[in-house]
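These notes are about the structure you will find just below.
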Amino acid sequence: MLLLKNVEASNYFRKLAGCTLFITGASRGIGKAIALKAAKDGANIVVAAKTAQEHPKLPGTIYTAAEEIIAAGGKALPCIVDVRDENQICAAVEKAVETFGGIDILVNNASAINLTGTLETSMKKVDLMMGINSRGTYLTSKLCIPHLTKSKNPHILNLSPPLNLNPVWFKNHCAYTMAKYGMSMCVLGMAEEFKGVIAVNALWPRTAIYTAAMEMLGGVGVGKQCRKPEIMADAAYAILSKPKSFSGNFVIDEELLKQEGVKDFDPYAVAPGHPLLPDFFLDETPDEVSKQLAAHVPPTSEDKRSQLGASGPVTDTFKIIQSSLNSDVVKSVQGIYQFELSGENAGTWHLDLKNENGSAGQGEAPKKADVVMSLDSGDFVKMFAGKLKPTMAFMSGKLKIKGDMALAIKLEKLMSQLKPKL
């Protein structure tokens with residue numbers, strides 16, 4: 001009898017013990033972090049994701065994630081699922097019910113992102129984001145709900161933002177915002193539709209979260225401005241442990257964890273003490289954040305030259321860029337950039353990192369540019385000096401990019417190499 005009581009007490013503190021979680025996009029990143037957190041309680045995890053074979057730039061598959069889940073103490077069922085494919089979701093749901101006896105929790109984590117303006121966003125990208133973010137979340141929820149209603153404490157958790165209608169979140173990436181807000185509207189509607197039956201909530205991070213996808217998006221050095229996925233996993237765990245009466249909430253990870261008693265957030269930071277990059281869709285605007293980040297960057301030699309009354313900051317920057325070029329740099333980048341600068345030192349400049357030993361100077365590129373960047377000349381100087389992160393410049397609308405986004409991200413690596421000289 002004493003042994004039984006000890007087992008019951010142990011299970012009480014392991015709040016998700018025996019629960020079955022169907023998690024989309026669980027092969028890596030935040031989805032996998034949530035899976036591993038639940039696995040420590042002894043939960044059953046359905047790893048519903050597309051990646052069955054290793055991606056060259058994004059590590060992790062449904063099978064490697066399953067191995068980690070089992071090692072953490074849970075049970076795992078890897079399923080190849082593209083959330084745009086109704087048949088694949090149906091098959092995974094049926095297999096989950098057959099294997100574990102039901103579904104208690106659905107985490108809609110799968111998402112696609114493309115941060116480009118209306119004219120630069122192809123309909124293929126629009127369809128991808130709408131199909132995965134909005135439609136995929138709606139469809140997966142629809143197919144899981146009949147099974148969730150049979151659970152004692154069912155939850156749907158969407159990794160989506162609060163519905164902030166400030167136009168700043170629409171002007172630079174309207175398609176992405178619409179697709180992501182579709183997930184949030186599912187929360188709004190389904191929480192009311194299934195009130196008292198299924199808890200439906202949204203979870204969103206206060207800051208950028210460091211994942212392999214974020215590294216591809218933000219470029220070199222972005223990790224220092226991010227928190228680890230574990231903060232989202234801990235927040236998700238807190239939500240999923242609550243009764244089904246906790247529903248219809250748009251939860252921010254940091255705010256919830258503070259309510260749960262967390263006081264020290266440094267362990268969640270990739271680089272404790274470094275200023276953090278706030279995520280999209282929050283009240284703090286990207287422009288305000290870029291100012292905060294710049295305040296943490298020490299004065300550069302460019303600042304000192306300006307203080308001495310030196311002129312031509314853009315010219316000086318390009319001279320340093322030119323002196324730093326060589327065949328190795330050209331080989332590693334393989335792109336031609338054109339800069340359309342406005343403001344005090346307006347003009348057109350180019351940077352050829354594709355031919356011979358490279359070249360940089362005023363005027364249009366000698367050959368067609370792969371990437372055209374438009375920004376204020378002062379912001380250009382700050383960006384190359386490390387005082388303005390390209391990610392923040394892009395998010396805030398200070399930097400407009402046309403052309404190859406992958407090459408645009410590559411340029412940040414060169415900026416980090418030049419920073420000590422500027």
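The values are calculated or read from the model by the stated rules, or taken from the named source; none is laboratory data. Computed from a prediction, not measured in an experiment: that's the story for all the values here. As a convention, Cβ positions derive from the backbone with ideal geometry for all residues, glycine included, and neighbour counts pool all protein chains shown. Each accessible area value is taken on the protein alone, full model and side chains, heavy atoms only, with ligands, DNA and RNA left out. Shrake-Rupley method; radii C 1.70, N 1.55, O 1.52, S 1.80 Å.
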Query raised in the report: Within the range 100-111, is there a residue that is open to solvent by 20 Å² or more (accessible area, probe 1.4 Å) and β-branched (Val, Ile, Thr)?
Result: no
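Where residues in the range 83-99 are farther than 25 Å from residue 201 by Cβ and not polar (S, T, N, Q), which of them is most open to solvent (accessible area, probe 1.4 Å)?
Filtering the range 83-99 down to residues farther than 25 Å from residue 201 by Cβ leaves 85, 87-88, 91, 94-95, 98-99.
Those still in the list that are not polar (S, T, N, Q) too: 85, 91, 94-95, 98.
Working: 85: 55, 91: 58, 94: 125, 95: 99, 98: 157 Å².
For the range 83-99, the residue satisfying everything is 98.
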Query raised in the report: Just wondering, is there one or more residues in the range 216-228 that are out of contact with any Lys or Arg (no Cβ under 6 Å at 6 or more places or on another chain), modelled with pLDDT of 95 or more and open to solvent by 20 Å² or more (accessible area, probe 1.4 Å)?
Result: yes
Report task. State all residues of the range 147-189 that are part of a loop (DSSP other than H, G, I, E, B), under 30 Å from residue 101 (Cα atoms) and open to solvent by 30 Å² or more (accessible area, probe 1.4 Å); if no residue qualifies, say none. Result -> 149, 150, 152, 153
Query raised in the report: Given the structure, is residue 238 touching an Asp or Glu at 6+ places or on another chain (Cβ under 9 Å), more than 26 Å from residue 395 (Cβ to Cβ) and of a type in the set (Gly, Ala, Ser)?
Result: yes
Query raised in the report: All but one of (1) within 20 Å of the chain's Cα centre (by Cα); (2) polar (S, T, N, Q); (3) at pLDDT 95 or above hold for residue 121; which doesn't?
Result: (3)
Query raised in the report: What's the number of the condition residue 262 fails, among (1) hydrophobic (A, V, I, L, M, F, W, C); (2) assigned to a helix (DSSP H, G or I); (3) at pLDDT 65 or above?
Result: (2)
Query - Residue in the range 16-28 that is among the hydroxyl-bearing types (Ser, Thr, Tyr), open to solvent by 10 Å² or more (accessible area, probe 1.4 Å) and without any contact (Cβ under 8 Å) to a residue 60 or more places away in the chain present - result: no
Query raised in the report: Within the bounds of the range 287-303, is there any residue that is open to solvent by less than 20 Å² (accessible area, probe 1.4 Å) and modelled with pLDDT of 85 or more?
Result: no
Report task. Could you please tell me which pairs satisfy a Cβ distance under 7 Å, a separation of 6+ or placement on different chains, a first residue in the range 46-75 that is acidic (Asp, Glu), and a second residue that is open to solvent by less than 80 Å² (accessible area, probe 1.4 Å)? Result -> 54/61; 68/36
Query raised in the report: Among 233, 208, which is modelled with pLDDT under 95, aliphatic (A, V, I, L, M) and in contact with a Lys or Arg (Cβ under 8 Å, 6 or more places away or on another chain)?
Result: 208
Query raised in the report: Given the conditions (1) at pLDDT 95 or above; (2) within 25 Å of residue 243 (Cα to Cα), which single one is not true for residue 7?
Result: (1)
